[in-house]
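Asker: I'd like to ask some things about the structure below.
Rule-based calculations on the coordinates, nothing more; no lab input. None of these values were measured; they are calculated from a predicted model. Ideal geometry is used to build each Cβ from the backbone, glycine not excepted, and the neighbour counts take in all protein chains shown.
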Number of protein chains: 2
Amino acid sequence: MGPLEGLKVLDLSRVIAGPYCSMLLGDLGADIVKVERPDGEGTRNIEPTVGKDSLFFMAFNRNKRSMTLNFRNKSGQETLRKLVGKADVLLENFRPGTMEKMGCSWEVLHEINPRLIMARISGYGHEGPKSDRIAIDPVIQAASGLMSMTGPKEGPPTMMGVTVVDHATAMYATVAITAALQARHSSGKGQMVRVNLMDSALSLLQASIPEYQLFGKKPAKIGAADRFGAPVNSYETKDGKKIQIAAGGAMHFPRFLDAIKMPHLISDPRFMEGSNRLKNAEALDSEIAPWMRARSAEDILEIMVAASVPCDIVAEITDVVSDPHLKERGQIIEVDHPDVGQFKMQGFFAKFSETEMALRYGVPSVGQHTNEVLSEWLGHDAESISRLREEGAL
Amino acid sequence: MGPLEGLKVLDLSRVIAGPYCSMLLGDLGADIVKVERPDGEGTRNIEPTVGKDSLFFMAFNRNKRSMTLNFRNKSGQETLRKLVGKADVLLENFRPGTMEKMGCSWEVLHEINPRLIMARISGYGHEGPKSDRIAIDPVIQAASGLMSMTGPKEGPPTMMGVTVVDHATAMYATVAITAALQARHSSGKGQMVRVNLMDSALSLLQASIPEYQLFGKKPAKIGAADRFGAPVNSYETKDGKKIQIAAGGAMHFPRFLDAIKMPHLISDPRFMEGSNRLKNAEALDSEIAPWMRARSAEDILEIMVAASVPCDIVAEITDVVSDPHLKERGQIIEVDHPDVGQFKMQGFFAKFSETEMALRYGVPSVGQHTNEVLSEWLGHDAESISRLREEGAL
């Protein structure tokens with residue numbers, strides 16, 4: 001049984017930020033009903049596909065049931081409002097104004113179901129001069145300053161290699177929903193919660209805003225190094241790999257010097273305080289690099305682990321899928337898909353001592369559970385479902 | 001009133017993943033008591049500092065009170081267990097085994113307070129062959145494969161410019177805690193919840209694991225482009241800026257071509273399907289780049305906004321702090337600090353219709369609230385607090 005067992009979530013969202021939020025809620029045991037337009041969510045078609053579905057879709061849609069609903073059809077919209085009457089949470093990431101056009105504003109839904117939590121995800125927020133604009137992750141990585149902090153030291157602004165802003169937004173939406181659930185236990189009432197990509201990106205800027213305000217300093221791009229400590233970098237090893245060492249901390253640095261048998265560097269004035277090490281990071285790297293190049297990655301790792309210095313090999317996906325540590329911990333799981341059979345993906349983000357995160361559903365095909373959900377949630381029989389189909393509602 | 005009003009959190013954590021979690025809970029209205037060793041959390045000293053504190057510390061510690069406790073002192077440990085008796089949540093990110101050495105294992109704490117939620121953050125997880133290893137964000141970006149996906153297309157693996165793994169871990173810890181709160185409403189009992197940096201990083205890999213399994217394909221580094229669509233890139237503008245366009249989607253691409261008046265490209269076989277555009281992204285970029293170079297960033301932005309194509313200027317921190325949109329939405333706030341006075345930082349991650357995220361405390365100095373908390377939570381008077389000080393417990 002998951003910690004969110006019994007929670008009913010109506011998920012109208014598409015792409016990543018919304019679907020990843022509902023996948024997290026589903027992984028936690030909530031009953032997720034993904035509501036798709038009759039031809040299915042558009043991201044099901046993004047190449048590469050396997051069978052009828054995209055890898056993209058498969059990555060963000062386990063642990064959900066799928067039903068279809070024609071959002072532009074009057075009786076589709078009416079069915080949606082009936083489902084809202086039974087839901088704890090409604091999640092959407094349409095462009096601001098779309099829910100209102102569908103006759104599903106917060107005021108209407110709150111009236112139908114005062115306990116409903118309505119979670120809304122937008123690009124730039126629902127108010128302010130940019131609120132009407134479409135936004136997707138790469139544009140917000142650019143607009144938030146995150147891109148200006150990522151990439152080689154002297155190179156151009158670079159995208160983080162994954163949609164970090166979408167993921168962060170999904171997690172914040174999940175936190176907002178669960179916090180609103182907690183508030184509902186005392187007030188008895190639901191509420192509207194809103195997150196957006198821009199605010200989520202902003203939250204990742206660490207100390208950049210106060211650093212600029214107080215020191216007039218713009219955050220540099222850091223390559224494979226760290227913003228607050230040195231030595232932190234990737235070093236080439238004898239066997240052609242790269243190893244990442246993070247020994248900038250006041251506790252780690254002396255241990256590291258002992259491990260590489262260069263204790264004299266501790267009294268080198270260039271490296272005597274964290275701030276000096278950071279300033280002279282290149283000089284420090286050139287002292288360290290030959291030691292690394294003379295040893296295999298595995299040998300270095302063993303030495304660093306013994307010395308309690310944070311260190312690991314720079315992994316490719318091949319290393320990750322075969323990592324014995326992840327295997328032993330069950331962090332790569334098999335998920336069902338109607339066309340593909342089973343496929344491998346990441347496991348769950350937490351372990352609970354008294355409840356469990358588990359796979360209850362695989363990735364659904366479009367509308368796989370339409371009849372089941374209409375019957376369970378609304379008590380519809382075969383005849384009334386047929387009527388809805390005839391009316392073009394499903 | 002915040003959605004988590006009334007929730008008592010005892011926060012023993014240090015650095016980022018733990019403190020950012022408790023900052024989120026504090027922003028949501030929980031009462032956060034940050035428990036520091038008598039000389040204060042080590043990260044208070046990371047350069048650059050302002051007054052007695054680091055920027056680093058200031059970025060992750062608003063909305064908390066601070067008390068000191070000597071974790072190695074018997075009566076310090078006993079005081080900790082008494083505080084646990086009054087807490088809803090205990091958060092820690094010590095190395096696995098440390099809480100046990102302090103006489104504060106899950107079994108002991110659960111016995112003291114059956115409603116307690118104990119949230120534990122580790123590097124590689126509490127079990128498995130790597131569980132004993134120290135890990136910090138840059139090492140996990142390397143070990144998880146995230147680094148291998150980030151950076152210039154032909155360049156070396158690159159760090160994401162901020163500690164994304166720490167942030168994700170903090171958010172997952174927050175979700176786990178609020179989910180356990182929800183479970184507590186039905187069971188009446190707390191539980192132990194555990195997250196770690198490695199699993200959190202793994203969760204960000206998008207479709208890389210199934211893509212490798214099903215297609216044998218390793219994820220490429222993407223520079224300023226996108227993994228699933230083209231055209232997505234940064235383009236140089238006439239006025240020496242860079243603009244990020246994301247027009248890879250089936251809906252966005254035709255609108256984009258109309259906007260740049262190159263509708264003929266829609267029937268160019270190189271660009272006719274998403275997969276072709278991705279394959280021929282460089283050719284597509286070379287068609288587009290001259291159009292961008294002939295116009296100012298503001299002019300391009302205006303055209304793209306009118307055409308509903310996702311687009312924004314690649315911002316530096318200077319642009320972010322002066323962004324009228326963020327100003328109007330109150331997303332840059334002033335936070336109090338005992339030495340610095342007020343400083344600017346990011347606002348809150350969500351807006352709630354019936355409760356609010358707000359600043360109730362600034363960033364505390366070391367032990368600023370020790371007496372207050374001991375009196376409020378445990379009913380200690382001046383005399384018994386003095387005794388604890390004499391015993392070296394505080």
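Asker: List, shortest first and in nm to one decimal, how far the label point of A:G97 (7 Å from Cα along Cα→Cβ) is from its counterparts in the other copies.
Answerer: For A:G97, the other copies' label points sit at 6.1 nm, shortest first.
Asker: Another question, then. Please tell me which of these pairs span more than 28 angstrom C-alpha to C-alpha: A:K52/B:K351; A:K64/B:K153; A:K153/B:K344?
Answerer: Flagged as over cut-off: A:K52/B:K351; A:K64/B:K153.
Asker: Explain nothing, just the number: dipole magnitude of segment A:232-314 about its Cα centre with +1 on each Lys and Arg Cβ and -1 on each Asp and Glu Cβ, in debye rounded to the nearest 20.
Answerer: Values: 10 positive and 12 negative charges, 20 e Å.
Charge dipole, segment A:232-314, about its Cα centre: 100 debye, nearest 20.
Asker: Using a Förster radius of 22 Å, what is the FRET efficiency between A:D132 and B:A358 based on their Cβ-Cβ separation? Nearest 0.05, please.
Answerer: 0.20
Asker: With each run of n ≥ 4 DSSP H residues scored as -39500 (n - 2.57), what mean residue ellipticity at 222 nm is computed for the protein assembly as shown after dividing by its residue count and rounding to the nearest 500 deg cm²/dmol?
Answerer: -10500 deg cm²/dmol
Asker: Same structure again: Step through the table entries A:K218/B:K101; A:K34/A:K189; A:K217/B:K218; A:K189/B:K82; A:K238/A:K279, compare each Cα-Cα distance with 31 Å, and write down the pairs that go over it.
Answerer: Pairs exceeding the cut-off: A:K218/B:K101; A:K217/B:K218; A:K189/B:K82.
Asker: Note down the nm distance, to one decimal, between modelled labels 7 Å out along Cα→Cβ at A:S308 and at A:E282.
Answerer: Between A:S308 and A:E282, the simple spin-label model gives 3.5 nm.
Asker: Calculate one ³J(HN,Hα) per residue across segment A:66-73 by plugging θ = phi - 60° into the Karplus curve 6.51 cos²θ - 1.76 cosθ + 1.60, and present them in order as whole Hz with x for glycine and proline.
Answerer: Here the 3J(HN,Hα) series is 10, 10, 9, 7, 8, 5, 8, 9 Hz.
Asker: With a Förster radius of 22 Å, plug the Cβ-Cβ distance of B:R270 and A:R95 into 1/(1 + (r/R0)^6) and report the FRET value to the nearest 0.05.
Answerer: 0.10
Asker: Sequence gap at least 6, Cα distance under 8 Å: using those rules, report the relative contact order of segment B:232-314 to the nearest whole percent.
Answerer: Result for segment B:232-314 is 46 percent.
Asker: Right, another one. For B:G42, place a label point 7 Å from Cα along the Cα-to-Cβ direction in every copy; what are the distances to the other copies, in nm, shortest first?
Answerer: Nearest to farthest, the other copies are at 4.9 nm.
Asker: Also: Tell me which of A:A281, A:V50, A:Q346 sits at the most positive position along the dipole axis of chain A, charges placed on C-beta atoms (Lys, Arg +1; Asp, Glu -1).
Answerer: Of A:A281, A:V50, A:Q346, it is A:A281.
Asker: Measuring from a point 7 Å out along Cα→Cβ, what nm distances, shortest first, does B:D381 have to its partners in the other copies?
Answerer: For B:D381, the inter-copy label distances come out at 7.5 nm.
Asker: Here is a further query. Measure off 7 Å from each Cα along the Cα-to-Cβ vector at B:K327 and A:K261, then give the distance between these two points in nanometres to one decimal.
Answerer: Result: 6.1 nm between the two label points.
Asker: Given H placed 1.01 Å from N in the peptide plane, which residues other than close sequence neighbours of A:N196 have an amide H under 5 Å from its amide H?
Answerer: Close amide H contacts, sequence-distant or interchain: A:S122.
Asker: Okay, moving on. Among B:I243, B:P219, B:A306, whose Cα projects farthest towards the positive end of the dipole of segment B:206-353, with charges put on the beta-carbon of Lys, Arg (+1) and Asp, Glu (-1)?
Answerer: Result: B:P219, furthest along the dipole toward the positive end.
Asker: Just how large is the dipole of the protein assembly as shown about the Cα centre, in debye to the nearest 20, putting +1 at every Lys and Arg Cβ and -1 at every Asp and Glu Cβ? Could you put the intermediate results ahead of the total?
Answerer: Numbers: 90 positive and 100 negative charges, 7 e Å.
So the dipole magnitude of the protein assembly as shown works out to roughly 40 debye.
Asker: Place a point 7 Å from the Cα of A:K238 along the Cα-to-Cβ direction; which residues of segment A:303-329 have their backbone N under 16 Å from it?
Answerer: Under cut-off, by backbone N: A:303-304.
Asker: Once you keep just the Cα pairs under 8 angstrom separated by 6 or more residues, what percentage relative contact order results for chain B? If you can, show how the numbers build up before the last one.
Answerer: Values: 699 pairs, mean separation 80.3, N = 394.
That works out to 20 percent.
Asker: Then there's this: Return the FRET efficiency for the residue pair B:H185, B:L378: r is the Cβ-Cβ distance, R0 is 30 Å, and the value is rounded to the nearest 0.05.
Answerer: It comes out at approximately 0.70.
Asker: Tell me the label-point distance for the pair A:S296, A:K344, using the 7 Å Cα-to-Cβ offset, in nm and rounded to one decimal.
Answerer: Output for this residue pair reads 2.3 nm.
Asker: Using θ = phi - 60° and the Karplus curve 6.51 cos²θ - 1.76 cosθ + 1.60, what whole-Hz ³J(HN,Hα) does each residue of segment A:34-43 get, with Gly and Pro shown as x?
Answerer: Computed from phi, the couplings for segment A:34-43 are 7, 9, 10, 5, x, 8, x, 4, x, 5 Hz.
Asker: Moving on. Principal axes first, then extents: for the Cα atoms of the protein assembly as shown, list largest minus smallest coordinate on each axis, whole Å, largest first.
Answerer: Taking max minus min along each principal axis of the Cα atoms, the protein assembly as shown gives 80, 57, 48 Å.
Asker: Kyte-Doolittle cut-off 1.0, length cut-off 24 Å along the helix's own axis using Cα: show which whole DSSP H helices in chain B pass.
Answerer: none
Asker: With a 10 Å Cβ neighbour count serving as the proxy for reagent exposure, in which order, fewest first, do B:R65, B:R95, A:R293 appear?
Answerer: Working: B:R65 21, B:R95 15, A:R293 11.
Fewest-to-most Cβ neighbours within 10 Å comes out as A:R293, B:R95, B:R65.
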